[in-house]
Amino acid sequence: MSEIKPVKPLLEALDGRVQSIPPVWLMRQAGRYLPEYQALRKRAGGFLKLCFTPELAAEATLQPVRRFGFDAAILFSDILVIPQALGQQVEFADGEGPRLEALADPASIERLRLQIEPAALAPVYETIRLVKQVLPPAVGLIGFCGAPWTVATYMVAGRAMEGQVPARRLALEDAATFGKLIDRLVTGSIEYLVQQFRAGVDAVQIFDTWAGVLGPHEFERWCIAPVQQICHGVRAQCPGARIIGFPRGAGTALSRYVEQVPVQAVSLDWTIDRSFARSQIPQIMTIQGNLDPMVLLAGGSALDREVEDILHCFADRPFIFNLGHGILPDTPVGHVERMLRRIRGADRA
Ligand code: CP3
């Protein structure tokens with residue numbers, strides 16, 4: 001008897017099929033806006049403890065899917081597990097975000113491992129296996145990593161910093177040393193994503209949150225080239241691997257990104273003009289996005305209007321509804337429900 005595979009709307013969209021109701025998930029859908037996440041986070045103690053305890057990370061992954069019926073779950077982890085697996089110390093101070101031991105000189109970059117420590121990330125793969133066992137069959141599972149440029153900005157500065165100045169400066173003053181860091185991140189990210197696919201994810205997203213601070217030449221070198229290498233490296237081991245790119249803030253450089261980076265889908269931030277995106281992104285490439293997280297937080301008629309505009313603008317394209325960046329912690333849960341009713345037709349005339 002042949003196995004009947006249930007249709008996953010997420011994969012339909014990634015494979016280029018237009019759907020009357022687009023699949024929907026939200027970046028950072030597991031997080032502090034959910035009371036059940038707050039409770040789980042308290043139970044786990046530290047944030048990294050939550051990431052590295054498979055039973056708890058699986059629960060965090062499933063919470064938003066259970067509550068809202070999203071079409072995809074995203075693995076609960078963080079982009080900064082890769083620096084840790086390369087030998088850098090990473091901590092999350094409560095309410096302050098990440099703290100890393102900054103890579104202040106070339107020697108500290110040379111000291112990083114050339115490959116990721118496999119045992120360090122084993123709990124993440126175990127989380128994927130646990131989620132797969134219980135995820136409803138129509139729901140897709142998305143893995144992820146940070147793009148090398150974005151991860152490097154945290155590694156060099158040791159923390160989030162206005163304008164990502166330390167990494168930008170190092171990339172210009174000592175491109176050879178900075179390139180060694182990027183190379184390690186490319187190699188590590190390929191291995192990490194391949195293992196995520198082997199553990200069972202349906203697709204992965206590469207988050208380049210800080211792509212927008214780069215000038216055109218730097219964008220080519222530190223955003224486009226490394227993500228290209230990751231796509232090729234992953235597909236050499238997992239043919240046909242589905243990859244979503246998110247070059248946040250790319251602006252007009254979006255054209256070059258979609259021309260040169262072989263992703264199936266591109267996730268748009270909310271500052272991109274939707275008709276510009278339509279004209280620049282080839283019809284075969286799936287579009288994801290791009291509701292302004294502040295509009296979701298604000299709710300009301302601004303939310304209704306914006307959801308309608310997005311649905312209308314991308315109705316004739318393979319499309320995944322999402323935010324233009326992560327959900328804000330103060331977002332009322334009721335606004336997410338309102339958005340979903342509108343996308344799925346319950347509130348539409
Ligand atoms: O729900 C999901 O989207 C899956 C999990 C996920 C997290 N981080 C959990 C998280 C994903 C995909 C990320 C990606 C991530 N992490 C990015 C890229 C996307 C983006 O949002 O820009 C970046 C830059 C990071 C690094 C990071 N992690 C920062 C700067 C911070 C502190 C700021 C903040 O939002 O708290 C984190 C912490 C973090 N990662 C939290 C969560 C749920 C909050 C931690 C907590 O519980 O206090």
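By the scheme Lys and Arg +1, Asp and Glu -1, what is the net charge of all other residues having a beta-carbon under 15 Å from that of A250?
My count for the surroundings of A250 gives -2.
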All-pairs Cα distance distribution in the stretch 140-227, expressed in whole percent, bin size 10 Å: 17, 49, 25, 8, 0
Accessible area of the chain belonging to carbon and sulfur atoms, whole % at 1.4 Å probe: 53
Residues of type lysines that K132 reaches as a straight line, Cα spacing below 17 Å, ignoring anything fewer than 8 places off in the same chain: K5, K8
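Pick out the long, greasy-scoring helices in the chain: whole DSSP H runs spanning 18 Å or more along their own axis by Cα, mean Kyte-Doolittle at least -1.0.
Numbers: long enough: 54-68 (22 Å, -0.23); 118-134 (25 Å, 0.56); 175-199 (35 Å, 0.34); 225-237 (19 Å, -0.09); 300-313 (20 Å, -0.16).
Span-like helices here: 54-68, 118-134, 175-199, 225-237, 300-313.
At 1.4 Å probe size, with every protein chain present, just tell me what the per residue accessible area of the chain comes to in Å².
Accessible surface, normalised per residue, equals 42 Å².
Based on the Cα gyration tensor of the chain, what are the three equivalent ellipsoid semi-axes, each the root of five times an eigenvalue, rounded to whole Å and given largest first? Walk me through the numbers on the way to the answer.
Values: eigenvalues 179, 109, 84 Å².
Semi-axes from the Cα gyration tensor: 30, 23, 21 Å.
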Rounded to the nearest 10 Å², the accessible area of D105 at probe 1.4 Å: 70
Cleavage-rule hits, GluC sites (Glu not before Pro), the stretch 71-123, DSSP coil, Cβ neighbours within 10 Å at most 11: E96
Computed accessible area, W270, all protein chains, 1.4 angstrom probe, square angstrom: 100
Positive-end residue of I74, A85, V261, charge dipole of the stretch 9-344 with Cβ unit charges: I74
Spatial separation of Cα centroids for the stretch 50-67 and the stretch 219-281, in angstrom: 28
Inter-centroid distance (Cα atoms) of the stretch 1-41 relative to the stretch 108-164, Å: 20
The chain, dipole about Cα centre (Lys/Arg Cβ +1, Asp/Glu Cβ -1), debye to the nearest 20: 620
At R0 = 45 Å, FRET efficiency that the Cβ-Cβ distance of Q19 and A298 yields, to 0.05: 0.95
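The values are calculated or read from the model by the stated rules, or taken from the named source; none is laboratory data. All figures in this text were calculated on a predicted structure; none of them were measured in a lab. Because the Cβ atoms are built from the backbone with ideal geometry, glycine has one as well, and the counts that use them run over all protein chains shown. To get the accessible areas, we keep the full protein, side chains included, count just its heavy atoms, and leave off ligands, DNA and RNA. Shrake-Rupley method; radii C 1.70, N 1.55, O 1.52, S 1.80 Å.
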